[in-house]
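Taking it in order: structure first as structure tokens, then the write-up.
The numbers here are math on the coordinates, done by the rules we state, and not lab data. Values in this document were obtained by computation on a predicted structure and should not be read as measured data. Methodologically, a virtual Cβ is constructed for each residue, glycine included, from the backbone with ideal geometry; neighbour enumeration extends over all protein chains shown.
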Amino acid sequence: MFLGLNAEKFHPGHLTIIKAQLEKMDDDEVYLILATEFKNPSTILLIAIFLGIERFWLDAVVSGVIKLILMFLWVGLVWWLIDIFTAKARARTYNFKKISRLLMINTPIRL
């Protein structure tokens with residue numbers, strides 16, 4: 001049920017790892033996963049396009065501050081464009097890291 005509701009929030013390759021770990025868990029532990037909120041990649045993309053502050057939403061505060069400073073200096077526009085094209089992938093990676101901490105998965109993240 002969890003994978004059906006949240007499949008778009010993870011890379012397809014990560015779904016098999018998550019599924020295998022969820023099958024090993026007790027029902028009480030699964031409720032912790034079900035109660036966790038994950039970032040929606042489409043929302044992160046819209047924030048990246050219109051506001052350019054998606055790095056704050058993905059807990060990358062230092063690079064977010066540097067990006068904002070550079071955007072005010074007009075140098076950060078290239079960074080903003082790159083972030084638009086990578087926003088969904090970064091949101092999915094963020095979600096996988098978050099669920100990995102909950103599931104204690106020790107596998108390297110590969111896209």
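Table for the structure above
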item: The chain: angle of helix 41-50 to the longest principal axis, Cα-based, in degrees nearest 10; result: 10 degrees
item: Local net charge near Thr36, Cβ-Cβ under 14 Å (Lys/Arg +1, Asp/Glu -1); result: +3
item: Cα long-axis angle, helix 12-24 against the chain (0 to 90 degrees, to the nearest 10); result: 40 degrees
item: Positive-end extreme of charge dipole, the chain - chosen from Ser42, Asn6, Ala89 (charges on Cβ); result: Ala89
item: The chain - charge dipole about Cα centre, Lys and Arg +1 at Cβ, Asp and Glu -1, debye rounded to 20; result: 440 debye
item: Residues Thr43, Thr16, sorted so that the one with the fewest Cβ neighbours within 10 Å comes first; result: Thr16, Thr43
item: Between 0 and 90°, nearest 10: helix 61-72 axis offset from the chain longest Cα axis; result: 30 degrees
item: Residues Lys19 and Asn40, FRET efficiency given R0 of 35 Å [Cβ-Cβ distance, rounded to 0.05]; result: 0.95
item: Cβ-based exposure ranking for Ser63, Ser100, in which fewest neighbours within 10 Å come first; result: Ser63, Ser100
item: Neighbourhood net charge (13 Å Cβ-Cβ; Lys/Arg +1, Asp/Glu -1) for Asn6; result: +3
item: Set of aspartates and glutamates with alpha-carbon distance to Lys39 below 20 Å, sequence-local pairs under 8 removed; result: Glu8, Glu54, Asp59, Asp83
item: Above-threshold pairs, the threshold being 21 Å between Cα atoms, out of Lys67/Lys88; Lys24/Lys88; Lys9/Lys98; result: Lys24/Lys88
item: Largest to smallest principal axis extent of the C-alpha atoms in the range 2-103, angstrom; result: 52, 21, 17
